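First up is the structure itself, then whatever we jot down about it.
Just so it is clear, none of the values below were taken in a lab; they were calculated from the coordinates. Just so it is clear, the structure is predicted and the values come from calculations on it, not from any experiment. Glycine also receives a Cβ, built like all others from the backbone with ideal geometry; neighbour counts cover every protein chain displayed.
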Amino acid sequence: MLRDSSEQSDVGQQRHPQARAARAFTLVELLVVIGIIAVLIGILLPALSKARQNAMNVQCASNIRQLTTCMLMYEQDYKGGLIVHWTSGPVWQYLLKPYFAKASMGQTAASTETRDAILKCPAAIEKPTADSDNSPSPSPTQAYYTDYSGGSNPDNGFKIESSYGMLRYLYGIRETANAKYQTNAGFWTANMNYPTANFWALQRISAKRPAPIPLLFDCRWRESYVDNNSGNAVTPAGWWPRDNKGFGQMNQIATKRHGRMVNISFMDLSVRTVPLPELWTYSWRPDFVVPNTLPKTPW
């Protein structure tokens with residue numbers, strides 16, 4: 001008498017019990033697979049972390065490029081008049097806000113959104129200090145708050161969160177009470193014997209110098225100036241230099257935010273991602289002296 005196929009299968013499995021057991025992983029095989037997965041994760045994680053850092057660096061450079069474009073539009077509207085010093089008018093971030101589509105010219109400062117992504121580096125991921133602090137951020141990866149204006153203004157106290165700075169020597173000075181923000185090149189001209197110049201004249205000056213004049217950059221404060229060995233307080237890890245050899249406020253720019261790189265724009269409106277030691281080669285002020293030996297990144 002013939003058996004059906006199901007009966008034949010059951011008989012085969014009874015005769016060969018090893019057939020079903022062979023389909024499962026042994027404990028050793030499972031541990032080997034887990035070990036291989038762990039090794040692959042160990043190999044991939046650093047690459048993924050580096051890719052993430054590169055993406056943040058690209059986004060940061062894009063932010064600075066957009067802010068630099070906004071600066072150009074501002075200069076075109078004010079016929080080359082430099083950004084006024086914050087003691088006489090709004091801070092530079094607020095003056096540029098109408099140009100990146102987050103504020104309307106008809107709005108007051110109090111009704112304008114202040115925390116715009118274009119003003120914040122994606123690598124500055126730490127929570128900002130209290131907005132009552134109004135000082136440089138204590139960490140390279142932390143944004144700062146700054147007042148809308150440091151002078152007597154009805155909107156004084158209005159806060160802006162940012163992680164980029166402007167070269168302090170590029171502020172202008174008010175020409176007349178009626179020329180609200182159209183100013184001449186205050187420090188650069190008055191203290192360094194240059195003819196009275198506006199933004200366009202400083203662009204030509206920058207082009208003639210061995211190294212360009214910086215404009216906007218990664219920074220722990222809204223502005224920074226770099227001097228010649230002017231003395232500097234001891235700073236914590238992640239800032240640079242960490243001794244008393246100076247260069248003014250270079251430690252607000254040369255930080256461990258993008259590893260050994262920093263994003264910076266110049267008076268020619270170019271944007272570059274540069275190695276940190278290269279910061280010492282630019283024209284931070286008319287009489288800036290490049291050190292004979294560029295410092296090495298301490299991390």
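Footprinting exposure proxy ranking of M56, M250, fewest other C-beta atoms within 10 angstrom first, gives M56, M250. Among residues other than V274 with Cβ under 11 Å from its Cβ, the summed charge is 0 (Lys and Arg +1, Asp and Glu -1).
For the set K50/K97; K127/K159; K97/K296; K50/K159; K127/K296, the pairs lying more than 26 angstrom apart at their alpha carbons are K50/K97; K97/K296; K50/K159; K127/K296. Highest mean packing comes first when the peptides 283-295, 205-217 are listed by Cβ atoms within 10 Å, giving 205-217, 283-295.
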